[in-house]
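Engineer: Just dropping this structure here.
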Amino acid sequence: MRAGMRSRKARISLLDLPSEIICQIGQYHSPPELYSLLRTHRRLALLLGPLLVESIFHTNSTKYAERALSHALHYGDNDAIEYLLNRGILTLIELENVLADERSLSTFLYCGLDPDYQDERGRTLLSIAASSGQASIVEFVLIELDPDVNTIDNSGRCALHAAAMAPFPDALEILLEDERLDINLQDNRGNTPLHLAVFKKRVQAVQLLLTRWDLDITIKNHRNLTPAQASQVDYRARDKTISDALLGRVLSSVKPRPLQPRLVWREEDYMSVAGLQKQYPPIPPPPTQEKPKPKVLVRSSCDWQPQFLPAIIAKEVERNQNRTTKARWERVKDLFAGEKA
């Protein structure tokens, strides 16, 4: 009986231990075990919360880091997000894996994320959002942060390169509306965004890029291939729809012009046709050299001879001459007769 009472008295709850001992015990547990413990009691949550974060960095586990940041973002724990960002959690994970929408990005910026943040590969926030094809985040970054759209990463690629390879063309469509964009920018391998879209077989991305009037489709990469040649030579990029679209652009002599609305009316818009012709006289056509007219041989009457007309028989000509001579003689005869009388 006394032994049973002694065994019951020897049992001590974890909450009865001092805080230093609890922290020392927590150092030998994995992050899932610590997470299950801190959910049981508020005191354990306060003690094991920082220890859980340190265990995540101690194990260098990307999975646990993403779970911790996503959990804090889901429950709106800005203090935990700020602590994780200051501790350097973005060195363990890729930011694009925890960016769900523009709300999450605004939360990260509020908690201390640098607007000019670049990851280990040198990608900016705009490039990270464009690589996943999230149009809402791309629009949020362009409006709120006003970044340099032509900033390149370690591979020499900008946000347009990432959007051209994205599975969805929504981000690319928003980026193409920015006039500051260099659509012919080449990366370290000489590939333009059109090259990468061809290699990834992004049909809609290729069609969107071809609508830009300043797109140069004659640029060659380090393999000495244009986008049209790459779509026919490289077996990874063979696609009939893409090759037909590129071939149509190559064969077209007129490049499409941007559709820009008329913001300011000019004076010429209110002038009549006569006023426009007076102010802008038509350019005269270049002088043309008149060809000399061919000479037409005309036969004179004195050269006429009966033998030149095969339809006229010589006897008929002689008969007509006799009739004419006879009629003339009759008139002369009458005159002579009057003189004799």
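The values are calculated or read from the model by the stated rules, or taken from the named source; none is laboratory data. Fair warning: this is a prediction, and the values are worked out from it, not measured in the lab. Here the Cβ is made from the backbone with ideal geometry for all residues, glycine too, and neighbour counts use every protein chain on show. To get the accessible areas, we keep the full protein, side chains included, count just its heavy atoms, and leave off ligands, DNA and RNA. Shrake-Rupley method; radii C 1.70, N 1.55, O 1.52, S 1.80 Å.
Engineer: Can you name the number of the only condition in (1) charged (D, E, K, R); (2) at pLDDT 90 or above; (3) not in a loop (DSSP other than H, G, I, E, B) that GLU96 fails?
Structural biologist: Failing condition for GLU96: (2).
Engineer: Also, quick follow-up: Which helices (runs of 4 or more DSSP H) does the range 195-256 wholly contain that include 3 or more residues that are at pLDDT below 85?
Structural biologist: Counting at least 3 such residues, we get 227-233, 240-251.
Engineer: Among TYR35, TYR28, which is the only one that is in a helix (DSSP H, G or I), at pLDDT below 75 and open to solvent by 70 Å² or more (accessible area, probe 1.4 Å)?
Structural biologist: TYR35
Engineer: Which condition number in (1) under 13 Å from the mean Cα position of the chain (by Cα); (2) buried (at least 16 other Cβ atoms within 10 Å of the Cβ) is the one that ARG157 fails?
Structural biologist: Going through (1) under 13 Å from the mean Cα position of the chain (by Cα); (2) buried (at least 16 other Cβ atoms within 10 Å of the Cβ) one by one, ARG157 breaks only (1).
Engineer: Which one of the conditions (1) open to solvent by 60 Å² or more (accessible area, probe 1.4 Å); (2) farther than 21 Å from SER243 by Cβ does PHE140 fail to meet, given that it meets all the rest?
Structural biologist: If we test PHE140 against (1) open to solvent by 60 Å² or more (accessible area, probe 1.4 Å); (2) farther than 21 Å from SER243 by Cβ, just (1) comes out false.
Engineer: Let me ask something else. Considering every residue within the range 110-119, establish whether at least one is under 27 Å from ASP187 (Cβ atoms), within 22 Å of the chain's Cα centre (by Cα) and among the hydrophobic types (A, V, I, L, M, F, W, C).
Structural biologist: For the range 110-119, residues under 27 Å from ASP187 (Cβ atoms), within 22 Å of the chain's Cα centre (by Cα) and among the hydrophobic types (A, V, I, L, M, F, W, C): absent.
Engineer: Shifting gears a bit: Within the range 57-79, does at least one residue satisfy the condition of being surrounded by 14 or more Cβ atoms within 10 Å (Cβ to Cβ), modelled with pLDDT under 80 and part of a helix (DSSP H, G or I)?
Structural biologist: yes
Engineer: Oh, and also: Of the residues ARG180, ARG123, which is surrounded by fewer than 18 Cβ atoms within 10 Å (Cβ to Cβ) and not in a helix (DSSP H, G or I)?
Structural biologist: Among ARG180, ARG123, only ARG180 is surrounded by fewer than 18 Cβ atoms within 10 Å (Cβ to Cβ) and not in a helix (DSSP H, G or I).
Engineer: Would you say LEU176 is under 14 Å from ALA197 (Cβ atoms) and either touching a residue at least 24 places away in the same chain (Cβ under 8 Å) or of a type outside the set (Asp, Glu) (or both)?
Structural biologist: yes
Engineer: Go over the candidates ALA205, ALA129 one by one and state the one that is more than 17 Å from SER243 (Cβ to Cβ), open to solvent by less than 20 Å² (accessible area, probe 1.4 Å) and either without any contact (Cβ under 8 Å) to a residue 24 or more places away in the chain or of a type in the set (Gly, Ala, Ser) (or both).
Structural biologist: ALA129
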